[in-house]
1. Of Lys16/Lys286; Lys51/Lys344; Lys53/Lys154; Lys31/Lys159, which pairs sit farther than 28 Å apart, going by alpha carbon to alpha carbon?
2. Quick check for me: using +1 on Lys/Arg Cβ and -1 on Asp/Glu Cβ, what's the dipole size of the chain about its Cα centre, in debye to the nearest 20?
3. Mind telling me which of Val265, Val187, Val168 comes out most flexible in a GNM of the chain, alpha-carbon contacts under 10 Å?
4. If you find the alpha carbon centre of segment 267-297 and of segment 53-74, how far apart are they in angstrom?
5. If you wrap a convex hull around the alpha carbons of segment 268-329, what volume per residue comes out, as a whole number of Å³?
6. Checking the a/c ratio against 1.5 first, then a/b against b/c, what shape does the Cα gyration tensor give for the chain?
7. If I take every Cα pair under 8 Å that is 6 or more residues apart in segment 69-129, average their sequence separation and divide by the length, what percent do I get for the relative contact order?
8. Just report the Cα centroid separation between segment 177-240 and segment 23-42, whole Å.
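Bear in mind these aren't lab numbers, they're just calculated from the coordinates by the rules spelled out. Worth saying up front: this structure is predicted, and the values here are computed from it rather than measured. Cβ sites come from the backbone with ideal geometry, for glycine too, and all protein chains shown count toward neighbours.
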Amino acid sequence: MFNRKLVEDFFSRERKFEGVERELKVGDTNKIISIVGPRRSGKTWFFYYLKDKTRNSCYVNFEDIAFRNLEVNEFFEIIKIFSELKYKPFSFFLDEIQVIEDWQILTRSLYDRGYRVFITGSSSKLLGKEIATQLRGRVFNYVLFPFSFREFLKTKKFKPEVHLFEDVGCLLRLLKEYLRFGAFPEVVFGSEKEKVLKQYADEIFYKDFVERHKIKSMDFGRFLFEFAFQNFSKEVSLRKIKGFFRENVSDTTLYSYVEKLKDTVSVFFLDRFSKSVYTRLSWPKKIYVCDIGLSDVLGFSSDMGKKMENVIFLELIRKTNEKPLLGFYYWKDYQGKEVDFVVKEGTKVKELIQVTYASGRDEIEKREIRGLLKAGKELKCKNLLVITWDYEGEEAWDGRKIRFVPLWKWLV
């Protein structure tokens, strides 16, 4: 049941878009548009931006008190109230839609009645792989993370001329800031960065993990959440997780909590590359997080190489907005040789990427080169890339060309 006065008050306070325009481009389509990302990544402001460009649109935030206890069938009363107060809506922007029970039924019902429907959420259930059957084939999915480095530079009003030494120096300084505090919009624009990040970490943990999934074992839930942010860019196994948690926990609880953690869209588990589906889906996996700034308030690592790798992972995921057939894995052989990222498009391996915190050629270890060469031969891929901190070059090894590109250049 909803309160009409609160609904009327909500519609009287609509806001216009402000801030940095995001890079995400949503095409003009008759599909439902689903935008998924971690809490506080800018989805609401992106909705304001889209709404300003869409005729006769109605914005609803399901986390607002006006809609918190709304039943699905009551939403049509909301449409009636909006039409009385403003105009007949043509498009609906439904923010944090996972809050409302049976949101899939509501979305499908609006879509079938001819409305344009845009939805956002901080739940992986809005992504294509996990979206409900009744919406399959009707939804285009996009991810929206905190600012990319290019967007971050816009907030600083910095347009680099990369041939100038002083601009390269400024880029490296800004990149260090980006790798330390991350890129949540409020953190980038605000002054009390650590305080805001700690608040975000608590919000994601309690709202998106504990409350949404009714977590019973708070001790293990907290341990798993913090373990993920302390071990980003590392390969982990379920046995290792259990080994670190000193109290007894069942395999059923462990698997269940890992899936619930993934649903928050704040932690990601990257599969190991293999032609075997069983091997790809089994453990170990590598952990990555939605924003590197959160790892600083939850973890103890200042490993720049790991931070670089995590930022690259997020940038690769952003690319799927334009190239949905892209897929990403890590590669490791029985001798322990590794490659950080295998980039696959359709059935073809397009690129192999190694990441190292190196400012000069002499700092790049031979084992990283050997792993890249072996994976390239095994996967029949000639496009070999090493992303460095500040070294650029090109070399031939065993008849194969390896490119070395600084992180700032790859991100820009």
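1. Pairs exceeding the cut-off: Lys16/Lys286; Lys51/Lys344; Lys31/Lys159.
2. It works out to roughly 1080 debye.
3. Ranking Val265, Val187, Val168 by mean-square fluctuation puts Val168 first.
4. First find each Cα centre; the distance between them is then 34 Å.
5. Cα convex hull per residue, to the nearest whole number: 93 Å³.
6. prolate
7. Result for segment 69-129 is 37 percent.
8. 23
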